[in-house]
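Single-structure report; data block below.
The values are calculated or read from the model by the stated rules, or taken from the named source; none is laboratory data. Note that this is a predicted model, so its numbers are computed, not measured. Methodologically, a virtual Cβ is constructed for each residue, glycine included, from the backbone with ideal geometry; neighbour enumeration extends over all protein chains shown. These accessible areas exclude ligands, DNA and RNA; they are computed on the full protein's heavy atoms, side chains included. Shrake-Rupley method; radii C 1.70, N 1.55, O 1.52, S 1.80 Å.
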Amino acid sequence: KNQVEQSPQSLIILEGKNCTLQCNYTVSPFSNLRWYKQDTGRGPVSLTIMTFSENTKSNGRYTATLDADTKQSSLHITASQLSDSASYICVVSWGTSGTYKYIFGTGTRLKVLA
Amino acid sequence: EAGVTQSPTHLIKTRGQQATLRCSPISGHTSVYWYQQALGLGLQFLLWYDEGEERNRGNFPPRFSGRQFPNYSSELNVNALELEDSALYLCASSFSSYEQYFGPGTRLTVT
């Protein structure tokens with residue numbers, strides 16, 4: 001069964017600290033993996049997208065890694081800011097060209113405290 | 001470049017009524033996706049339209065339907081509303097089934 005699981009479900013950190021969010025998936029054939037940031041009540045905003053051949057990609061203070069062998073991805077946030085408080089959603093795309101499907105993780109809710 | 005737009009922002013309906021939600025994709029994008037996000041839950045895939053055709057459908061009852069117009073904008077219709085249909089409905093657009101760009105969503109409240 002194709003699944004995407006994220007951990008932890010929620011996380012509270014102090015401003016300035018680093019944190020790492022996890023995403024494990026079991027989909028085949030794998031196409032790409034994306035991380036989105038979703039502020040409460042808003043639409044998700046793309047942070048990174050990685051294909052099978054990429055194992056790391058950065059977007060400012062956000063760095064995503066992908067291990068296609070173990071089917072794991074992580075999102076590392078460096079020097080967290082209050083504005084990082086949001087839900088972070090891992091999305092895995094699978095299938096072949098023209099028939100892609102998407103599976104969304106349930107997200108990790110991050111709270112950054114001053 | 002304008003992003004994905006959705007209307008209305010908020011919609012309040014009573015049980016049994018019908019709701020119509022609208023989405024305008026980014027210019028040049030031919031695919032539109034609809035998702036439901038109930039409070040505290042993850043995004044659930046509803047429908048995918050591409051070039052005016054329904055390409056894929058999530059595990060939702062037939063009272064959830066939609067269409068895509070020649071200008072690639074899309075409507076999501078929910079008939080016979082139930083209380084559990086209350087959720088944030090997100091629309092996303094993409095070109096060639098790659099990166100999806102999300103709109104701000106329509107919050108539907110069913111009373």
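Would you give the gap between the C-alpha center of the stretch B:46-111 and the C-alpha center of the stretch A:61-114, rounded to a whole Å?
23 Å
Among the listed pairs A:Lys1/A:Lys101; A:Lys71/A:Lys111; A:Lys17/A:Lys71; A:Lys101/B:Lys13; A:Lys1/A:Lys37; A:Lys1/A:Lys57, which are separated by more than 24 Å between their Cα atoms?
Among A:Lys1/A:Lys101; A:Lys71/A:Lys111; A:Lys17/A:Lys71; A:Lys101/B:Lys13; A:Lys1/A:Lys37; A:Lys1/A:Lys57, the Cα-Cα distance tops 24 Å for A:Lys71/A:Lys111; A:Lys17/A:Lys71; A:Lys101/B:Lys13; A:Lys1/A:Lys37; A:Lys1/A:Lys57.
What whole-number value in Å² describes the accessible area per residue of chain B for a 1.4 Å probe?
Details: 5300 Å² over 111 residues.
I get 48 Å² per residue for this part.
How much accessible area per residue does the stretch A:45-114 have, in Å², with a 1.4 Å probe?
46 Å²
Calculate what fraction, in whole %, of the accessible area of chain A sits on carbon and sulfur atoms when a 1.4 Å probe is rolled over the protein chains.
For chain A, the apolar C and S fraction of the accessible surface comes to 49 percent.
Residues of the stretch B:43-66 with accessible area at least 20 Å² lower in the all-protein-chain context than alone (1.4 Å probe)?
SASA drop of 20 Å² or more in the stretch B:43-66: B:Leu43, B:Trp48, B:Asn56.
Could you tell me the accessible area of A:Leu82 in Å² (1.4 Å probe, neighbours in place), rounded to the nearest ten?
The accessible area comes out at roughly 80 Å².
From the residues B:Ser27, A:Ser93, B:Leu108, which one has its Cα farthest along the dipole of the protein assembly as shown in the positive direction, the dipole being from +1 and -1 charges on Cβ of Lys/Arg and Asp/Glu about the Cα centre?
About the Cα centre, the residue reaching furthest to the positive side is B:Leu108.
Taking the Cα-to-Cβ direction at A:Ser10 and at A:Asp39 and moving 7 Å from each Cα, how far apart do the two end points lie in nm?
Going from the A:Ser10 label point to the A:Asp39 one covers 2.1 nm.
Other chains near A:36-46: what is the mean number of their Cβ atoms within 10 Å of each residue's Cβ?
5
From the phi angles alone, apply the Karplus equation (6.51, -1.76, 1.60; θ = phi - 60°) to the stretch A:105-112 and give each ³J(HN,Hα) in whole Hz, x where the residue is Gly or Pro.
After applying 6.51 cos²θ - 1.76 cosθ + 1.60, I find x, 7, x, 10, 8, 9, 10, 9 Hz.
What does the charge count around A:Asp84 come to, taking other residues whose C-beta lies under 12 Å from its C-beta (Lys +1, Arg +1, Asp -1, Glu -1)?
Numbers: positive: A:Lys17, A:Lys37, A:Arg61, A:Arg109, A:Lys111; negative: A:Glu15, A:Asp39.
Computed value for this residue: +3.
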